[in-house]
Protein chains: 2
Amino acid sequence: MRIEEEAQRRGLRIAWKPFLLGPLFRSLGMENSPFVLQKEKGAYVWHDMVRQCRKYGLQWVQPNLFPRLGVLLRVALLGAEKPWIGAFCRQVMLLNFAFDKDINQPDSIGRILDELGLPAAEILKQAQAEPAKASLRQQTEEARGRGIFGAPTFFARGEMFWGNNRMDDALLLASEQRV
Amino acid sequence: MRIEEEAQRRGLRIAWKPFLLGPLFRSLGMENSPFVLQKEKGAYVWHDMVRQCRKYGLQWVQPNLFPRLGVLLRVALLGAEKPWIGAFCRQVMLLNFAFDKDINQPDSIGRILDELGLPAAEILKQAQAEPAKASLRQQTEEARGRGIFGAPTFFARGEMFWGNNRMDDALLLASEQRV
């Protein structure tokens, strides 16, 4: 929700790399999100999320289904280098975590694209075609290959940073003058 | 390393509650630290630790043995309400993570107590006696009962906060004026 604004403020460019957590978790030997598998940690995380959203001034509701399938993230992949990528991602996050709605329906994703003034039907068609599927699979494998084990993960100057907790460290490293 | 100074600055009192992570992890179905069990996350955490220690100006070396047995934390339990508890804990952390030394040897723990001007022999004897063992076991079970799944964990006004990442949130909540 905040990376684009923070990056702009520092004059940094973001290279967005959408990938799927489900296959990544499975390849690490987990059949579901660690928040689901480890119930004590999950209970804590949901509670902490309420506090974090309050801190950042974000709307929040605990989704009645978690994790939600998000293969329409192929839309994000198609938009990764487009100026609308940040706004699109924020709207999908709100759909899931502020309005508790399915994020895997072409209808609701299409509505977001419409509202961003984009050719929704065309983008959705492309997202459901084989090349987009293959591309998301490949990007997920690349994430795995780089040692990613969760999301969001950030790379700054080749260094990996995991989670909102480390986003500011990543931005700081990316902003530093090279010597 | 930083909680005592931060708490003092805000006029807060810390109630120290030492417990053992090993039995806690086992009761949650993990045979070892998650950093060991999940190798990708472990690799990241060790790398991130270097950066975090640099950020906080702390000496750091990756221990050649992890996790180290720390049942001499029974000393911490004996000291939980004593003025030396903070300094003692910091010295044990340094022994492990700055000097890569065994923290389970009465000799090295005794040296720390000596340097703090305390009756080392007497405290160590008490720490190795049955009541201290039972007390640490009980405190570990209490930690389990409160939903703790890692360390450090902080409670402020009944709310749980996990990790250095959330320590400032915990201190802030503890500092707020009640309405």
Next on the checklist: Let me confirm something: among B:Gly57, B:Gly86, B:Gly70, which residue is touching a Phe, Trp or Tyr at 6+ places or on another chain (Cβ under 9 Å) and of a type outside the set (A, V, I, L, M)?
Outcome noted: B:Gly86
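Taking the condition surrounded by fewer than 16 Cβ atoms within 10 Å (Cβ to Cβ) and modelled with pLDDT of 95 or more, does B:Glu5 pass?
Numbers: surrounded by fewer than 16 Cβ atoms within 10 Å (Cβ to Cβ): yes; modelled with pLDDT of 95 or more: yes.
In short, yes.
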Next on the checklist: If I filter the stretch A:111-158 down to residues being charged (D, E, K, R) and in contact (Cβ under 8 Å) with a residue 12 or more places away in the chain, which single residue comes out as surrounded by the fewest Cβ atoms within 10 Å (Cβ to Cβ)?
Outcome noted: A:Arg157
Next on the checklist: Looking at the stretch B:162-179 only, could you name the residues that are free of Cβ contacts under 8 Å to residues at least 12 places away in the same chain and closer than 24 Å to B:Leu28 by Cα?
Outcome noted: B:Asn165
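In this structure, is B:Arg26 open to solvent by 30 Å² or more (accessible area, probe 1.4 Å), in a loop (DSSP other than H, G, I, E, B) and without any contact (Cβ under 8 Å) to a residue 40 or more places away in the chain?
Values: open to solvent by 30 Å² or more (accessible area, probe 1.4 Å): yes; in a loop (DSSP other than H, G, I, E, B): no; without any contact (Cβ under 8 Å) to a residue 40 or more places away in the chain: yes.
No.
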Next on the checklist: open to solvent by less than 60 Å² (accessible area, probe 1.4 Å), touching a strand residue (DSSP E or B) at 6+ places or on another chain (Cβ under 9 Å), farther than 16 Å from B:Gly147 by Cβ and away from every other protein chain (no Cβ under 12 Å): is that true of A:Leu12 in this structure?
Outcome noted: yes
Checklist outcome for this item: Residue pairs qualifying under the 9 Å Cβ cut-off, at least six apart or on distinct chains, with the first in the stretch A:46-63 being away from chain B (no Cβ under 14 Å) and aromatic (Phe, Trp, Tyr) and the second being in a helix (DSSP H, G or I) and loosely packed, with under 15 Cβ neighbours inside 10 Å, are A:Trp60/A:Val50; A:Trp60/A:Arg54
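Please tell me if A:Pro23 is more than 14 Å from every other protein chain (Cβ to nearest Cβ) and closer than 25 Å to B:Gly42 by Cβ.
yes
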Next on the checklist: Kindly evaluate A:Lys17 against the criterion of being open to solvent by 40 Å² or more (accessible area, probe 1.4 Å) and without any contact (Cβ under 8 Å) to a residue 12 or more places away in the chain.
Outcome noted: no
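The values are calculated or read from the model by the stated rules, or taken from the named source; none is laboratory data. Values in this document were obtained by computation on a predicted structure and should not be read as measured data. Cβ coordinates were reconstructed from backbone atoms using ideal geometry, including for glycine residues, and neighbour counts include every protein chain displayed. We work out accessible area using only protein heavy atoms, side chains counted, and drop any ligands, DNA or RNA first. Shrake-Rupley method; radii C 1.70, N 1.55, O 1.52, S 1.80 Å.
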